[in-house]
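These notes are about the structure you will find just below.
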Amino acid sequence: MKILAIIGSPRTNGNTYRAVNQIERELNKKNEEIEFEYVQLNRISLELCKGCYVCIAKGEDKCPLKDDRESLEIKMKQADAVIFASPVYTYNVSWIMKNFLDRFAYRCHRPEFHGKKAMVVVTTGAVGIRFVTLILSFMLGAMGFITCAKAGITFAPPHETDEKKSKKETNKLIRQTEVFYKNLIDAKPVKPSFVKLLTFKMQQKAFSKAPQNLADFKYWRDKGWLEKTEDYYYKVPVRKVNKIIVSLISKLKV
Ligand SMILES: Cc1cc2nc3c(=O)[nH]c(=O)nc-3n(C[C@H](O)[C@H](O)[C@H](O)COP(=O)(O)O)c2cc1C
């Protein structure tokens, strides 16, 4: 099993890296065969998104920025699961993680990662965990990732070391690693929530009407997702009552 850890901190081997490193050690205690690969976003070449829309309209292969984006995407595809980690910087994800999200924004339209499991790790000095975890897992969900564990860890400044508090944070990390591991070894396809089923139908409706030269249209057509009989990005049983309600709601003009 291969896990890719994407560390969104501008600080090499900082707190965020250290938290994920501890997750690696905990996972290896459970299963020595788990392979870890780290990508520290500050150590690869990922240019700043220029907002030109080329990736969305024409395809990511036409992106004018020539850097490590494509090889990073290949790594994400090849991994069995991905850990996304960011520090809280001014009550948000770090700029480097935000740029990562922007550079992969086309994946919210062309969600290649459906069904892939993820863990979100957020580190902070004091506050912001809830908000940053929410925003990060929401965006990853739009790309298709299933966030099955979330760990928010507070790193007190060095002059404030409190053994009891730091043990509590470690225990939080261990508990969430266990949740992540249980999900990793569960091979059953994850049942989508009602909202996710609805999102699929709404996207299906929107992209079937899109211009045929738009990258999104071609992607959805080639995946076979524009067929009305398709209920979700991957094969999973859907209750008939849910199918009917989703179909009715998606027909409403919004
Ligand atoms: C620019 C900057 C902004 C920060 N903003 C916040 C914040 O809004 N709330 C908070 O509690 N901690 C904040 N912190 C503290 C970091 O979240 C915390 O030290 C984190 O663990 C740093 O991780 P890193 O070493 O991987 O960068 C900030 C730190 C920096 C450098």
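The values are calculated or read from the model by the stated rules, or taken from the named source; none is laboratory data. Quick caveat: nothing in here was measured; it's all calculated off a predicted structure. Note: ideal-geometry Cβ built from the backbone for every residue, glycine included; neighbour counts use all protein chains shown. Please note that ligands, DNA and RNA were not included when accessible areas were found on the heavy atoms of the full protein model with its side chains. Shrake-Rupley method; radii C 1.70, N 1.55, O 1.52, S 1.80 Å.
Details
- Restricted to the range 130-154, and to residues there that are within 12 Å of the ligand (Cβ to nearest atom) and touching a Ser or Thr at 6+ places or on another chain (Cβ under 6 Å), the residue that is most open to solvent (accessible area, probe 1.4 Å) is T154.
- Test for T123: is it on the phi > 0 side of the Ramachandran plot and within 13 Å of the ligand (Cβ to nearest atom): no
- Pairs where the first residue, in the range 88-111, is farther than 14 Å from V122 by Cα and of a type in the set (S, T, N, Q) and the second is assigned to a loop (DSSP other than H, G, I, E, B) and open to solvent by 10 Å² or more (accessible area, probe 1.4 Å), C-beta under 7 Å, 6+ apart: N99/L46; N99/L48; N99/C49
- Just so you know, in the range 60-82 the residues that are closer than 21 Å to T12 by Cβ and in contact with a helix residue (DSSP H, G or I) (Cβ under 6 Å, 6 or more places away or on another chain) include one that is most open to solvent (accessible area, probe 1.4 Å), and it is R69.
- Filtered by the rule that a residue be open to solvent by less than 40 Å² (accessible area, probe 1.4 Å), away from the ligand (no atom under 16 Å from the Cβ) and within 18 Å of T170 (Cα to Cα), the range 1-58 gives E26, L27.
- Test: residue in the range 170-193 that is touching a Phe, Trp or Tyr at 6+ places or on another chain (Cβ under 7 Å) and in contact (Cβ under 8 Å) with a residue 40 or more places away in the chain: yes
- Only a single item in (1) touching a strand residue (DSSP E or B) at 6+ places or on another chain (Cβ under 9 Å); (2) closer than 22 Å to V190 by Cβ is not met by V39, and it is number (2).
- Taking the range 142-165 as the range and being over 21 Å from the mean Cα position of the chain (by Cα) and more than 16 Å from A126 (Cβ to Cβ) as the test, the residues that pass are E163, K164.
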